[in-house]
Every structure is written in C-alpha cells, then in structure tokens.
C-alpha cells in the first residue's frame, strides 16, 4: 500500500517504503538501534526494543532468575548471578558473582563478597 514501511532481511538490514505515486518500493540500508533486536513481536517483523529483566539474590541465599524461577543454594561455592552469554554489539561484557560461605550459627550461608562491575540505573 502507498506509504507502507517495513523492514527487510533476516537481520533487518534494510528499511523499505512504498512510494504512493509510482508504486515502487524503495529500500535503504539500515539496522536496529543499540537497544533493539530484529524479531517478530505480535506478528510484526522489525526492530523492537530489547526486553528488560530482573533477577535477585537475598537471604541465606535465595535466588530468583530472569525467567522467574526460584532457587535456594546452600553450598559454599561461587555463583554467577548475571553475565553476558556471547559477544553482542553495543553491550559491554560484565559478570556479577556471589560467594557463599558457611556461618557458625544455624548452619546457614551468607555472601562474603560480590564480584563484578556494573551500573545501576534508577
């Protein structure tokens, strides 16, 4: 249809517009923004905002993952709380780790340290 715009290419490499006068589709090289990914959302293919997630760790110790699953790890180990899984353009590498250590009282664990570098945006 005249004036219709759409993304083209498996990775949204082109943004196209249908010229209402000539009926010709013109495409220009383009790409998704740094906080977007090329995907289908609600039946629409194109660049969409990356979803945000939340995870948490608290108590002795209780973990809630990005997908909402709850875990309790009582071991005296180091755990990766969050990290980048693969190389991603415009996303800095980071890793947040916790270390559980046993306490003398009540046979519980606590975090003795948090390792990593991150920014908190409120």
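Some notes on this structure:
- Among (1) within 22 Å of residue 100 (Cβ to Cβ); (2) in contact (Cβ under 8 Å) with a residue 12 or more places away in the chain, the one test that residue 2 misses: (1)
This table checks each residue for (1) modelled with pLDDT of 75 or more; (2) surrounded by 11 or more Cβ atoms within 10 Å (Cβ to Cβ); (3) assigned to a loop (DSSP other than H, G, I, E, B); (4) touching a strand residue (DSSP E or B) at 6+ places or on another chain (Cβ under 7 Å).
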position: 3; (1), (2), (3), (4): yes, no, yes, yes
position: 15; (1), (2), (3), (4): yes, yes, no, yes
position: 34; (1), (2), (3), (4): yes, no, yes, no
position: 38; (1), (2), (3), (4): yes, yes, no, yes
position: 46; (1), (2), (3), (4): yes, yes, no, yes
position: 81; (1), (2), (3), (4): yes, yes, no, yes
position: 90; (1), (2), (3), (4): no, no, yes, no
position: 96; (1), (2), (3), (4): yes, yes, no, yes
position: 107; (1), (2), (3), (4): no, no, yes, no
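- So residue 27, is it surrounded by 10 or more Cβ atoms within 10 Å (Cβ to Cβ) and part of a strand (DSSP E or B): yes
- One residue alone among 33, 43, 23 is within 30 Å of residue 92 (Cβ to Cβ) and outside the structural domain of residue 92 (by TED's automatic domain parsing), and that residue is 33.
- Residue within the stretch 63-71 that is within 30 Å of residue 96 (Cβ to Cβ), surrounded by 10 or more Cβ atoms within 10 Å (Cβ to Cβ) and over 19 Å from the mean Cα position of the chain (by Cα) present: yes
- For the stretch 9-29, residues that are more than 22 Å from the chain's Cα centre (by Cα) and under 27 Å from residue 52 (Cβ atoms) total 2.
The values are calculated or read from the model by the stated rules, or taken from the named source; none is laboratory data. The shown structure was predicted, so the numbers you read here are calculated from the model rather than taken from an experiment. Please note: Cβ atoms are built from the backbone with ideal geometry, for glycine as well, and neighbour counts cover all protein chains shown.
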